[in-house]
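J.: If you scroll down you'll find the structure; I have some questions about it.
The numbers here are math on the coordinates, done by the rules we state, and not lab data. All values derive from a computational prediction rather than experimental measurement. Cβ placement follows ideal geometry from the backbone for every residue including glycine, while neighbour counts extend to all protein chains displayed.
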Amino acid sequence: MWNLYLPIAGHSVNIVLIFGLGALVGLLSGIFGVGGGFLMTPLLIMFGIPPTVAAASDSNQIVGASTSGTFAHYRLGNVDFKMGFLLLIGGVAGGTIGVEVIRILRATGNADFLIKVTYVLMLGFVGFYMFLESLHGLKKTKATVVVEKKPKKESTYAKLIGMLPWQIYFDKSRIKLSILMPLVLGVFVGILAAIMGVGGGFIMVPVMVYLLRMPMHVVVGTSLFQILFTCIDVTIMQAHSNHTVDFVLALILLIGSSLGAQFGTRISKKLNGDQLKIILASLVLIVMVKMLLGLLLEPSVLLSFVGGH
Amino acid sequence: MLKRILMGGIILITGLFFMVGAVYSAENLTFHVSPELVAIGIRFDGATLHISGTIPSDCEAIVRIIGHNQNLSLKKKGKAMGLLWMNLGKIEINGVPDIMLIYPSQALYKLSENDNNTWEKLGIGFKSLEDKADVLPKTEDKSKIFKEFIKLKASLDLYEKKPDNLTYGDVSGAVKSFKVAVELPSNVPHDGFNAELYAVKDGKIIAEAVKKIKVKEIGIPAQISSLAFNHGTLYGVIAVVIAILAGIIVGVVFKESGGAH
C-alpha cells in the first residue's frame, strides 16, 4: 500500500521506510553537522537501491537536509561564513586533486583496497581520538570547575600556527588564524572526501575542532554550510554525467531528513560540546567496526555490480 | 515384393512419426499470457503475469521468462594478503539475459533433483546459460564465477527457479491444461522479455511456443526518466533547487512552531 516506484533506481520502495531512514540520518546530521552520507548510502544499498543511484540521490537529499540545518544554525548564530568559504575553496581544489588521485589508483588496480583501508584507519583514528579526548573533558568538567579559569600554557602547535602569515580574525569562531590554515585543511579534507566518495563531514568536523580550534557549536553550523555547497556540485555533476540522481527517492529522504535535522539542531543545543563529541565518536567507531567486519568476514556473494563506494 | 512392402512400411512409420510431431507443435500446444504489456506507473510494485494453456497430456510443462542478453562488468571479491575481503579486479560476463525465471512442473523439478544433467540436456536452464556465456578474463574459473553470478542475480529476484507455481488442470483427450502465476519483481528490465512454453517428454523438448511481452513506463515515472536521461543538467539543477526550497520551507515552518513554545 505504501510502495512507490522509483524510475531512476528502477525499483519500488516502501515510502514509510525511506522516510524513516531520512529522518534518522537527518537527526544525526542536525546534531553533529555531518552530512550522513557515510551512513545513508550503505543503508540504501541494503534496501536494494543500486550503489551508484544510492550515492548520487543521497547527495541530492543532503542538499535539502543541510539547507534546513544551516538555516537553523544560522538563526542560532552558529555559522562562520568566512571560515566556511575558505574551507569550501580548499575543498573544491582538494576534491579535484582527489578525483585525479583515484583515477591513477584505479589504473594501477589498487584503488578499492586503498580506499577501504584508508576508511577504516581514518574512522578508527578520528573515532578513538575524539572518544578519549571528550571522555577526558567530561571527567575534568565534573571534577574541577573552579580551576577552569587558569590561563593555559600555549602549545607548540598553537605557536606554530601563530607564526603563519596572513593572520585574520574570525568573529563567529572568535579565533585568529592564518588564511592558509582553512585553505590547506580544506584541500586535505577535499582529497580524502573524493577518495572515499563521501561529503567529508565526518573528517571536516574533527579538523575544525582539533586543528582550527573552533568552538563545537560553530563547527556544526559551518560544516553544514560547507557540505551544502559540496553536495549541490555533486548532484548536478552526477545528474549530468551519470543520470544516477533519483529525484523521487531524494525527495522522500529529504522531507524525512529536513524534519530530522530540525529536531537534531534542538538536541544539539541542549548537549554540551563534550557530550556531542563522545556521541559522534561512538557513531564513527560503530561504522568503523562494521567496515572492519566487512573486510574480515567472507561476503555471501563474491561478485558485485560496478559503482558505489 | 517383400522389400517394397518393407520400404513402404518404413516410409509410413516415418511419416506418422513426423505427423505426430506436427500435431504436438501445431495443435496440442496453446499458450496465453495476460497482460502482454507490463505498465510501470508511480505505484508499480512488481506485477503478476497469468500464464495458461494446454500441452499434450503425456508431456510435462516448463514456463520460462527470459530477457534480452546483456554484457556485464562486475567486481570480483577475494582475499587480499590472506586476510581482508576486497574487490580484487573486474570480471566481464557476456551474453547473459537480464532476467530469467523458470517455472517447471513439480514432476520435472523432482526429476532434475535426481538427475543433475536434466537441465543440461534440455538446454534451457542456468547450466546451459553458463555454457553459452563468455567469462573474461579467460583465466578465471568459469564455473565458480557463474555460480556467484547466479547468486548475485537471485539476490535481486531476477534469476529464479520456482517448482511449486505451475499446476495442471483438466485432461481432455490428448491435451491437459496448465496455469502458472509469474511474479515479476519491481526491478523488471524495461526493454521487455519473452515468455516461453516448453512441452517435455522423456527428457526432451518436443514442442515450444513464445510470446513477446512489452514493458513500458507510464505517467510520472516516464516523465521523470525522460527529463533525467534527455536533459541531465537541467534535471540536476531542478533537483537541487527543489531540495533547497524544501529545506528552507521546513526551516521556516519550524521557526514559527518553535516560536509558539
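J.: Are any of the pairs A:Lys290/B:Lys162; B:Lys151/B:Lys201; B:Lys77/B:Lys138; B:Lys161/B:Lys211; B:Lys127/B:Lys151 more than 25 Å apart by Cα-Cα distance, and if so, which?
T.: A:Lys290/B:Lys162; B:Lys151/B:Lys201
J.: Now a separate question. Can you pull the three principal axis extents for the Cα set of the range A:3-296, in Å, largest first?
T.: Its Cα atoms span 61, 43, 38 Å along the three principal axes.
J.: Also, I was wondering about something else. Using the C-alpha gyration tensor of the range B:187-251, what are the square roots of 5 times its eigenvalues, in whole angstrom, with the largest one first?
T.: Values: eigenvalues 451, 31, 15 Å².
The three semi-axes for the range B:187-251 are 48, 12, 9 Å.
J.: What FRET efficiency, computed as 1/(1 + (r/R0)^6) with R0 = 56 Å and r the Cβ-Cβ distance, is obtained for B:Asp131 and A:Leu180, rounded to the nearest 0.05? Mind showing how you got there, number by number?
T.: Values: r = 63 Å, r/R0 = 1.13.
Step by step, r from the Cβ atoms, then E = 0.30.
J.: Rounded to the nearest 20 Debye, what is the dipole magnitude of chain B about its Cα centre when Lys and Arg each give +1 and Asp and Glu each give -1 at the C-beta?
T.: On the way: 30 positive and 27 negative charges, 115 e Å.
Computed about the Cα centre, the dipole is about 540 debye.
J.: Straight-line reach from B:Lys212: which aspartates and glutamates have Cα under 19 Å away, leaving out those fewer than 8 places along the same chain?
T.: Straight-line reach from B:Lys212, under 19 Å: B:Glu36, B:Asp98, B:Glu183, B:Asp191, B:Glu196.
J.: If I take R0 = 30 Å and measure r between the Cβ atoms of B:Asp115 and B:Glu183 in this structure, what FRET efficiency does the formula 1/(1 + (r/R0)^6) give, to the nearest 0.05? Let's see the in-between values first.
T.: Values: r = 28 Å, r/R0 = 0.92.
That pair, B:Asp115 with B:Glu183, gives E of 0.65.
J.: Right, here's the next one. Among A:Ile49, B:Ile224, B:Ile249, what is the fewest-to-most ranking by other Cβ atoms within 10 Å?
T.: Working: A:Ile49 25, B:Ile224 20, B:Ile249 15.
Exposure proxy ranking, most exposed first: B:Ile249, B:Ile224, A:Ile49.
J.: State, to one decimal in nm, how far the label point of A:Phe81 lies from the label point of A:Ser300, with both points 7 Å from Cα in the Cβ direction.
T.: According to this spin-label approximation, the distance is 5.1 nm.
J.: I've got another one for you. Which residue, chosen from A:Ile89, A:Leu295, A:His243, occupies the Cα position most advanced towards the positive end of the dipole of the range A:3-296, where the dipole is computed from +1 (Lys, Arg) and -1 (Asp, Glu) charges on Cβ about the Cα centre?
T.: A:Ile89
J.: Also, quick follow-up: Quick check on the exposure proxy: order B:Thr233, A:Thr244 from fewest to most C-beta atoms within 10 angstrom. Walk me through the intermediate numbers first.
T.: Working: B:Thr233 12, A:Thr244 22.
With the fewest neighbours first, B:Thr233, A:Thr244 line up as B:Thr233, A:Thr244.
J.: For the range A:236-278, what's the radius of gyration and Dmax over Cα atoms, in angstrom?
T.: 15.9, 43
J.: What's the whole-number percent of alpha carbon pairs in chain B lying beyond 27 angstrom? Mind showing how you got there, number by number?
T.: On the way: 19400 of 33930 pairs.
The calculated P(r) of chain B puts 57 percent of pairs beyond 27 Å.
J.: With label points built 7 Å along Cα→Cβ from the Cα atoms of B:Val210 and A:Ala158, find their separation and express it in nm.
T.: The answer from the label model is 7.9 nm.
J.: For the protein assembly as shown, build the charge dipole from Cβ charges (+1 Lys, Arg; -1 Asp, Glu) around the Cα centre, then report which of A:Ile31, B:Leu245, B:Pro221 sits farthest towards its positive end.
T.: A:Ile31
J.: What does the highest-first list of B:188-196, A:203-211, B:42-50 look like by mean Cβ count within 10 Å? Before the final figure, lay out each step's value.
T.: Details: B:188-196: 18.2, A:203-211: 22.6, B:42-50: 16.4.
So the peptides B:188-196, A:203-211, B:42-50, ranked by packing, come out A:203-211, B:188-196, B:42-50.
J.: So what is the relative contact order of chain B, in percent, for Cα pairs below 8 Å that sit 6 or more residues apart? Intermediate results must be reported in sequence, preceding the final value.
T.: On the way: 401 pairs, mean separation 68.8, N = 261.
It comes to 26 percent, rounded to a whole number.
J.: So for the range B:63-182, what percent of the C-alpha to C-alpha distances run longer than 16 Å?
T.: Numbers: 4856 of 7140 pairs.
Of the Cα pairs, 68 percent sit more than 16 Å apart.
J.: How much FRET efficiency would the formula 1/(1 + (r/R0)^6) give for A:Leu211 and A:Ile168, where r is the Cβ-Cβ distance and R0 is 22 Å, rounded to 0.05? Intermediate results must be reported in sequence, preceding the final value.
T.: Details: r = 17 Å, r/R0 = 0.75.
That pair, A:Leu211 with A:Ile168, gives E of 0.85.
J.: Right, here's the next one. Which of B:Trp119, A:Trp166 comes first, and how do the rest follow, when ranked by fewest Cβ neighbours within 10 Å? Don't jump to the answer; show the numbers that get you there.
T.: On the way: B:Trp119 20, A:Trp166 10.
Fewest-to-most Cβ neighbours within 10 Å comes out as A:Trp166, B:Trp119.
J.: Okay, next question. On a 0 to 90° scale, report how tilted helix A:15-32 is relative to the longest principal axis of chain A, with both axes built from alpha carbons and the result rounded to the nearest 10.
T.: Roughly 20 degrees, rounded to the nearest 10.
J.: Note the full-extension length gain between B:Glu140 and B:His190 as 0.36 nm times their separation in residues minus their Cα-Cα distance, in nm to one decimal.
T.: Values: separation 50, 0.36 × 50 = 18.00 nm, distance 3.10 nm.
Residue separation times 0.36 nm, minus the Cα-Cα distance, leaves 14.9 nm.
J.: About the Cα centre of the protein assembly as shown, what is the dipole size in debye to 20, counting +1 per Lys and Arg Cβ and -1 per Asp and Glu Cβ, all else neutral? Mind showing how you got there, number by number?
T.: Working: 52 positive and 39 negative charges, 418 e Å.
Charge dipole, the protein assembly as shown, about its Cα centre: 2000 debye, nearest 20.
J.: What number, in percent, do you get for the relative contact order of the range A:3-296 if the mean sequence gap of Cα pairs under 8 Å and at least 6 apart is divided by its residue count? Can you show the working numbers first?
T.: Details: 458 pairs, mean separation 126.0, N = 294.
Relative contact order for the range A:3-296 comes out at 43 percent.
J.: Can you pull the one-decimal nm distance between simple spin-label points at B:Ser57 and A:Glu100, each 7 Å off the Cα toward Cβ?
T.: The modelled label-to-label distance comes out at 7.9 nm.
J.: Note the angle between two axes, namely the Cα long axis of helix B:219-230 and the longest principal axis of the Cα atoms of chain B, as a number of degrees from 0 to 90, rounded to the nearest 10.
T.: Tilt of helix B:219-230: around 80 degrees.
J.: Quick check on the protein assembly as shown: what does the Kirkwood estimate of hydrodynamic radius come out to from the alpha carbon pairs, in Å? Could you put the intermediate results ahead of the total?
T.: On the way: mean 1/r = 0.0366 Å⁻¹.
One over the average 1/r among Cα pairs gives 27.3 Å for the protein assembly as shown.
J.: Among B:Gly125, A:Val184, A:Gly137, pick out the residue whose Cα is farthest towards the positive end of the charge dipole of the protein assembly as shown, where Lys and Arg carry +1 and Asp and Glu carry -1 on C-beta, about the Cα centre.
T.: After comparing all options, I get A:Gly137.
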